[in-house]
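**Q** My structure is below; once you've seen it, I'll send some questions.
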């Protein structure tokens, strides 16, 4: 039995990239170059939401902190022209999700299976908290200058209080839409 694969031409002047599910490994081949990624090292499986009735899908696979693979459902054929390969892409994405989920030992943390989209509320709040913390730090540094100590400390205290309120809200926010790796939605990965 041949291993399951998906292929797409990503850019004009490179050979077609082929991804092969070889047991518990994902193999990426582009011309003579080959890279292997063990699915046991998968940390994130992100499936991009389609826009409207668009048939284009993209799957991002993250292995640790260093390796990220992007698998599109369409292949470049010419300027402004793409070949639709959604049926094969759907089958391949479902198989990768199922194998990666099955490789996780019971009780161990596994990869995140999620629906990628724009910034969700949790990410936006995290960015806001980071910028607020940076602003508080800058104001505290400004408090070291002569004549600005009172105003800078007063503003930094208010910003720190607001930062504490935002930290208190964070646990109640949704972490994003998770996906069941064994039952990926048919509207995201249609068979035909």
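**Q** Residue 101 passes all but one of (1) over 30 Å from residue 84 (Cα atoms); (2) in a helix (DSSP H, G or I); (3) at pLDDT 85 or above; which number fails?
**A** Among (1) over 30 Å from residue 84 (Cα atoms); (2) in a helix (DSSP H, G or I); (3) at pLDDT 85 or above, the lone unmet condition for residue 101 is (1).
**Q** Hey, any hits in region 86-102 for a residue that's surrounded by 16 or more Cβ atoms within 10 Å (Cβ to Cβ) and farther than 23 Å from residue 43 by Cα?
**A** Yes, region 86-102 contains at least one residue that is surrounded by 16 or more Cβ atoms within 10 Å (Cβ to Cβ) and farther than 23 Å from residue 43 by Cα.
**Q** Checking residue 144 against (1) farther than 26 Å from residue 10 by Cα; (2) in a helix (DSSP H, G or I), which single condition isn't satisfied?
**A** (2)
**Q** Also, I was wondering about something else. What residue, of 126, 77, 60, is in contact (Cβ under 8 Å) with a residue 24 or more places away in the chain and exposed (fewer than 13 other Cβ atoms within 10 Å of the Cβ)?
**A** Checking each option against the conditions leaves just 77.
**Q** Within region 8-23, take every residue that is modelled with pLDDT under 90 and in contact with a helix residue (DSSP H, G or I) (Cβ under 9 Å, 6 or more places away or on another chain) and give me the one that is surrounded by the most Cβ atoms within 10 Å (Cβ to Cβ).
**A** 8
**Q** Quick check: is even one residue across region 69-91 in contact with a helix residue (DSSP H, G or I) (Cβ under 9 Å, 6 or more places away or on another chain) and either in a helix (DSSP H, G or I) or at pLDDT below 85 (or both)?
**A** No - not one qualifying residue is present in region 69-91.
**Q** Could we say that residue 159 is at pLDDT 85 or above, in a helix (DSSP H, G or I) and within 22 Å of the chain's Cα centre (by Cα) here?
**A** So residue 159 fails the test.
**Q** Among the numbered criteria (1) under 21 Å from the mean Cα position of the chain (by Cα); (2) under 30 Å from residue 11 (Cβ atoms), which one does residue 80 miss?
**A** All conditions are met except number (1).
**Q** Which residue, of 180, 186, is part of a loop (DSSP other than H, G, I, E, B) and within 19 Å of the chain's Cα centre (by Cα)?
**A** Among 180, 186, only 180 is part of a loop (DSSP other than H, G, I, E, B) and within 19 Å of the chain's Cα centre (by Cα).
**Q** With the requirement that a residue be under 14 Å from residue 93 (Cβ atoms) and within 13 Å of the chain's Cα centre (by Cα), what does region 50-77 give you?
**A** If the condition is that a residue be under 14 Å from residue 93 (Cβ atoms) and within 13 Å of the chain's Cα centre (by Cα), then 58, 59, 60, 61, 69, 70, 71 are the ones that fit.
**Q** Residues in region 1-42 that are farther than 27 Å from residue 109 by Cα, outside any strand (DSSP E or B) and over 20 Å from the mean Cα position of the chain (by Cα): how many?
**A** 12
**Q** Also, I was wondering about something else. Could you tell me whether residue 95 is in a helix (DSSP H, G or I), modelled with pLDDT of 85 or more and over 26 Å from residue 170 (Cβ atoms)?
**A** Yes; evaluated as a whole, the condition is true for this residue.
**Q** Here is a follow-up. Hey, can you tell me all the residues within region 133-176 that are surrounded by 14 or more Cβ atoms within 10 Å (Cβ to Cβ) and within 26 Å of residue 101 (Cβ to Cβ)?
**A** 173, 176
The values are calculated or read from the model by the stated rules, or taken from the named source; none is laboratory data. Since we're looking at a predicted model, the values are computed, not measured. So basically every Cβ, Gly included, is an ideal-geometry build from the backbone, and we count neighbours across all protein chains shown.
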